[in-house]
Amino acid sequence: MTGGDIFPRPAILRPNANMSTPPFPAPSSDGGETLMQSDGEIARVAAAVAAAAEVCLDLEADSLHHYREKTCLLQVGVSDGRGISLREFLVDPLAGGDLAPLFRALTGKTLVMHGADYDLRRMAQDFAFRPTAIFDTMHAARLAAHSAMGFDALAKRYAGVELDHGAQKADWSQRPLPPRLVRYAIGDVRWLPIVARELRTELAALERAEWHRQQCAQLIRLSEQAPAKKDDPWRIRGSPRLGARALAVLRELWHWREKEAEGWDRPVFMVLLNDRMLELAAWAAEHPRGDLAKGPPLPRRWPPRRWKSLRTALERAWGIPPRDFPAPYIHPSRPPFDPHFVPRLERLKAARREIAEKLKMDASLLAPNAMVEDVCRAAPQSPEDFEKVERWLPWQTEVLGPAFLRACAPGHPLPPSRDSRR
């Protein structure tokens, strides 16, 4: 879609008037006929993708509005490969059309995306699709040492446009899509080509294009990993501090909340927040068959049925015998004390800081603190030892490796203890 009347392009970005483009429909005035839904429409989008020099991709989901999260919209843009967007399409995956031709066309392409982490996981889960290669503009902006890496900031910087990003939390499953959401969705791919073009130039000038390529390849690899399934998903953050009886209550409350959210088709946090559920579990453990009106504050607008179902869940929890209480959380054993760890970590951070200053980069972009701590634990003695560090990339060995190996080399004296300084 060109979307000319909805989201006009600046003249400097307008495609050549003589450029031949297939007759795809432009957005309608009310946004109700803009989505590519039928098999024929999707096949035409796939044909445009297959012939494109560059393809931009984004998606919208409904995690804030429904119990089971799903992809509600695919935004596909094709460009000339030189920063000019030729056409944008909004594909509706909820309409039941055959998306296979589109994903076949996307295979083998380098897809331009922004902040691709979530979108890659969503596409892997919903469509079993993983791209061959991507160019992530957010990660490119990070490596180019931009202070503002949001897509709205990048679009303003390179294309001089103001994007409406207040629609990020909208319910994208609604049909028809309101005009405002149509404009938002089109803008997310319309300006990607020029942003990608400028960032490619910057990365090349900084000699960091290979760093970016490795990071993008890692994003794809990580999206291939199935999310870890917890044995006890009800053990939410904060639950280890609860006693055995409170854990039994929490387990019942968690299952109650899941059932309520599924029946209501809303995210679980809209039924009851985790913190409130922890408070209720702790109170209920101390007040068997107590009056809920005297317990921790709960949402006042619950329907009577929900109050009744909650009381039923608590009655079940109060009736659980101690022998069936969940086992308490067992903290993982700590590694043996290493007196060299802290001074070694300080040397690693000092080395990272010195290199970051020379490169005029934020030190965390070279390696975040958690990764530096992993290096410290691994105490590498050769370049090959960095492969033991989770998510460590070859470019980091090239840039940080020599200094980090010196920092981890044996023979550094321990700093004097506090007692010896007195």
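When the range 154-207 is filtered for residues that are over 30 Å from R266 (Cα atoms) and among the polar types (S, T, N, Q), only T201 remains. Report whether or not Q214 is touching a helix residue (DSSP H, G or I) at 6+ places or on another chain (Cβ under 8 Å), in a helix (DSSP H, G or I) and exposed (fewer than 15 other Cβ atoms within 10 Å of the Cβ). Yes, satisfied. Might you let me know whether the range 79-87 holds any residue that is surrounded by fewer than 17 Cβ atoms within 10 Å (Cβ to Cβ) and either modelled with pLDDT under 90 or in a helix (DSSP H, G or I) (or both)? Checking the range 79-87: not a single residue is surrounded by fewer than 17 Cβ atoms within 10 Å (Cβ to Cβ) and either modelled with pLDDT under 90 or in a helix (DSSP H, G or I) (or both).
Tally the residues that are in a helix (DSSP H, G or I) and either under 36 Å from the mean Cα position of the chain (by Cα) or of a type in the set (D, E, K, R) (or both), restricting the search to the range 321-335.
Total satisfying the criteria: 2.
In this structure, does A350 turn out to be surrounded by 14 or more Cβ atoms within 10 Å (Cβ to Cβ) and not assigned by TED's automatic domain parsing to the domain that holds G243? Judged against the criteria, A350 is not a match. Residue check: D338 meets all listed conditions (1) under 27 Å from L414 (Cβ atoms); (2) part of a helix (DSSP H, G or I) but one, namely (2). The lone criterion from (1) over 37 Å from the mean Cα position of the chain (by Cα); (2) closer than 14 Å to L253 by Cα; (3) surrounded by fewer than 16 Cβ atoms within 10 Å (Cβ to Cβ) left unmet by W318 is number (3). Residues that are part of a helix (DSSP H, G or I), within 16 Å of V49 (Cα to Cα) and in contact with a Phe, Trp or Tyr (Cβ under 8 Å, 6 or more places away or on another chain) within the range 99-139 comprise F103, L106, listed in sequence order. Just to be sure before I move on: is S239 among the hydroxyl-bearing types (S, T, Y) and in contact with a strand residue (DSSP E or B) (Cβ under 7 Å, 6 or more places away or on another chain) in the structure I sent? When the stated conditions are applied, S239 does not pass them.
Going by the structure shown, is W234 in contact (Cβ under 8 Å) with a residue 12 or more places away in the chain, touching a strand residue (DSSP E or B) at 6+ places or on another chain (Cβ under 9 Å), assigned to a loop (DSSP other than H, G, I, E, B) and surrounded by 17 or more Cβ atoms within 10 Å (Cβ to Cβ)? Spelling it out, it is not the case that W234 is in contact (Cβ under 8 Å) with a residue 12 or more places away in the chain, touching a strand residue (DSSP E or B) at 6+ places or on another chain (Cβ under 9 Å), assigned to a loop (DSSP other than H, G, I, E, B) and surrounded by 17 or more Cβ atoms within 10 Å (Cβ to Cβ).
For the condition farther than 19 Å from F325 by Cα, surrounded by 14 or more Cβ atoms within 10 Å (Cβ to Cβ), touching a helix residue (DSSP H, G or I) at 6+ places or on another chain (Cβ under 6 Å) and of a type in the set (G, A, S), A261 qualifies.
Yes/no per residue for (1) surrounded by 12 or more Cβ atoms within 10 Å (Cβ to Cβ); (2) in contact (Cβ under 8 Å) with a residue 12 or more places away in the chain:
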{"site": "P322", "(1), (2)": "no, yes"}
{"site": "F325", "(1), (2)": "yes, yes"}
{"site": "E346", "(1), (2)": "yes, no"}
{"site": "K360", "(1), (2)": "no, yes"}
{"site": "P383", "(1), (2)": "yes, yes"}
{"site": "L393", "(1), (2)": "yes, yes"}
{"site": "L400", "(1), (2)": "yes, yes"}
{"site": "G411", "(1), (2)": "no, no"}
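Given the criteria out of contact with any His (no Cβ under 8 Å at 6 or more places or on another chain), touching a residue at least 40 places away in the same chain (Cβ under 8 Å) and within 30 Å of L206 (Cα to Cα), does A367 qualify?
On the way: out of contact with any His (no Cβ under 8 Å at 6 or more places or on another chain): yes; touching a residue at least 40 places away in the same chain (Cβ under 8 Å): no; within 30 Å of L206 (Cα to Cα): yes.
So A367 fails the test.
Evaluating L163 against the criteria (1) crowded, with 20+ Cβ neighbours inside 10 Å; (2) modelled with pLDDT of 90 or more leaves one unmet condition, (2).
Output the number of residues of the range 298-311 satisfying the condition of being closer than 16 Å to A246 by Cα and either in contact (Cβ under 8 Å) with a residue 40 or more places away in the chain or within 34 Å of the chain's Cα centre (by Cα) (or both). The total comes to 1.
Scan the range 61-69 and tell me whether some residue there is in contact with a Cys (Cβ under 8 Å, 6 or more places away or on another chain), in a loop (DSSP other than H, G, I, E, B) and not hydrophobic (A, V, I, L, M, F, W, C).
Taking the range 61-69 first, the residues in contact with a Cys (Cβ under 8 Å, 6 or more places away or on another chain) are 61-62.
Retained after the next criterion (residues that are in a loop (DSSP other than H, G, I, E, B)): 62.
Those still in the list that are not hydrophobic (A, V, I, L, M, F, W, C) too: 62.
Taking every residue of the range 61-69 in turn, at least one turns out to be in contact with a Cys (Cβ under 8 Å, 6 or more places away or on another chain), in a loop (DSSP other than H, G, I, E, B) and not hydrophobic (A, V, I, L, M, F, W, C).
The values are calculated or read from the model by the stated rules, or taken from the named source; none is laboratory data. This structure is a prediction, so every number in the text was calculated from the model and none was measured. Heads up, the Cβs are rebuilt from the backbone with ideal geometry, glycines too, and the neighbour counts pull from every protein chain shown.
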